[in-house]
Amino acid sequence: MSEVKVDKISPRSGTDVTLGDASDTFTIPASATLDVNGTLDLAGSTMTGFTIPSGQTLTVASGGTITNSGTATGFGEDNTPSFSAYPSGGVACSASTWTKVSLQTERWDTDSAFDSTTNYRFTVPAGEGGKYVFHYAVTNTGLDDNESLNVALYKNGSRENNGYTWQYSANTNKYINIVASVVLDLSATDYIELWTMQNETETRSVEAAYTYLTGFKLAGV
């Protein structure tokens, strides 16, 4: 095995420098760093264990392939923050009164951004403003003819009209289930809560098994 040590390799005027053949693999040791001061163009060859400095570009020409056999980190965006929460039991909902749904149980919470102990709300973390998708559902019991179940998302303590929906009972003592989705533009520190109201003449219970709030940030928009 031979070793060549040089300070600079330059092409002749009007030509390019070619290292090996297209099927060759060039390996930079894991502890070493390859600094690219311009654009690094891989036209079918493979390099491993190098770093592209901030502000520089790694270009894979048409026909080239990046193959990952390990763990890829930092590529593109993901749909976090993300969470899902639901009540741990029935939630009493007084007649004709907006009631916040207590969501005490989390299925997941990627950024610890959902408060399931005190305020039962999702708060946008610092640096995570953007468009968010929310899926939510509420089920209530014992509603009679033309009595309604109302469900809404509240943003920063006020009802968000884009997240407001309702349904009327068609018969006596019926379960009413509302499932809805909405996309909201949010900024850091904005918070979202799930609220409901029913207009039966007495308190009715929100059913925990069919009630939830799930949300995630949209990537790439």
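When each of 153, 218 is scored by the number of other beta-carbon atoms lying within 10 Å, the sequence from fewest to most is 218, 153.
Taking the Cα of residue 170, stepping 7 Å toward and past its beta carbon, and measuring to each backbone N in the stretch 132-151: which are under 20 Å? Residues 138-151 qualify, since their backbone N sits under 20 Å from the label point.
All other residues with a Cβ under 10 Å from the Cβ of residue 85 taken together, and with Lys, Arg as +1 and Asp, Glu as -1, what is their net charge? Combined, the nearby Lys, Arg, Asp and Glu give -1. Computing FRET efficiency as 1/(1 + (r/R0)^6) for residue 99 and residue 66, where r is the C-beta to C-beta distance and R0 is 30 Å, gives about 0.05. Only lysines eight or more places from residue 217 in sequence, or on another chain, were considered; those with a Cα closer than 27 Å are 100, 131, 155.
Within a Cβ distance under 13 Å of residue 115, other residues only, what is the Lys/Arg minus Asp/Glu net charge?
On the way: positive: 100, 121; negative: 106, 109, 111, 193.
The answer is -2.
Per the Debye calculation on the stretch 53-184 with a single equal scatterer at every Cα and no solvent contribution, log₁₀ I(q)/I(0) for q = 0.13, 0.15, 0.22 Å⁻¹ amounts to -0.70, -0.85, -1.46. Using a Förster radius of 35 Å, what is the FRET efficiency between residue 144 and residue 183 based on their Cβ-Cβ separation? Nearest 0.05, please. The value I calculate is 0.55. The value of relative contact order for the stretch 82-217, using C-alpha pairs under 8 Å at least six residues apart, is 40 percent. The gain in end-to-end length when the residue 88 to residue 108 segment is fully stretched comes to 5.8 nm, 0.36 nm per residue minus the alpha carbon separation.
None of the figures in this text is laboratory data; all of them are computed from the coordinates on show. Quick caveat: nothing in here was measured; it's all calculated off a predicted structure. Don't worry about glycine lacking a Cβ; one is built from the backbone with ideal geometry, like all the others, and counts go over all protein chains shown.
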